[in-house]
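Reviewing the structure listed below.
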Amino acid sequence: MFQFKVFIVLAIITNALTNPVANQPARCCSASRYTLKTDHTVYYLQQDGTNATKSVYDAESGFYAVAGTTQSASSNQSSFRHLTDSKNKAFYIINPDVNTCAIFSNPSGPENCIHETATYANSSIYIFNGKRILVDTWIIENNDYMSYRKVSRDGCVQIEAGYAMKTDTTHGKSITSDYVEDIIDPTIFEIPSYCH
């Protein structure tokens, strides 16, 4: 529990030290089509795993995909792809290295808006893609975990996100390095034949 509290406090303090501003923003929603690259690190049971991922969202088709590679302290590097099909309420976990696929029911799609239960923490100036931008930090807490999202005031682009579980020491952080308001590679939405 102590590590959990330290994690959240550090996230807020780090944000507050980067030129804080006072105006509380309205809740926002991200673009209806985008591609972004993130570096995601998960810490659990004294080991860590790092994902280099690409996320692609297309509201028109109802698809949200995350693909990349995973490297952990206990295993070799492996590829993965997660695909949410909101129109058919399906979630696919695809392992292209061994051509396996698991399909789950998914009644809801990705949350691309700041949730109504999120609490505004603060705003600050960040350097993103070589530009100074205003970033708002929102915090969500429930019985199992606490998370934060840092999104740009203009466009609601997720710049950083993190979470910490309350039941154990698992916590993680994602940092966006590239963002394009378009679908760069639509093949990420293709469902492999071995998933049918």
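Things to note:
- Any chance ILE184 is closer than 17 Å to GLY68 by Cβ and in a loop (DSSP other than H, G, I, E, B): yes
- For the range 91-148, residues that are hydroxyl-bearing (Ser, Thr, Tyr), over 30 Å from SER78 (Cα atoms) and touching a residue at least 60 places away in the same chain (Cβ under 8 Å) total 5.
- Scanning the range 145-178 for residues that are under 24 Å from TYR92 (Cα atoms) and in contact with a Leu (Cβ under 6 Å, 6 or more places away or on another chain) yields one hit, THR176.
Just so you know, all these numbers are worked out from the coordinates, no wet-lab data involved. Worth saying up front: this structure is predicted, and the values here are computed from it rather than measured. Using ideal geometry, Cβ is built from the backbone for each residue, glycine included, and neighbour counts are taken over all protein chains shown.
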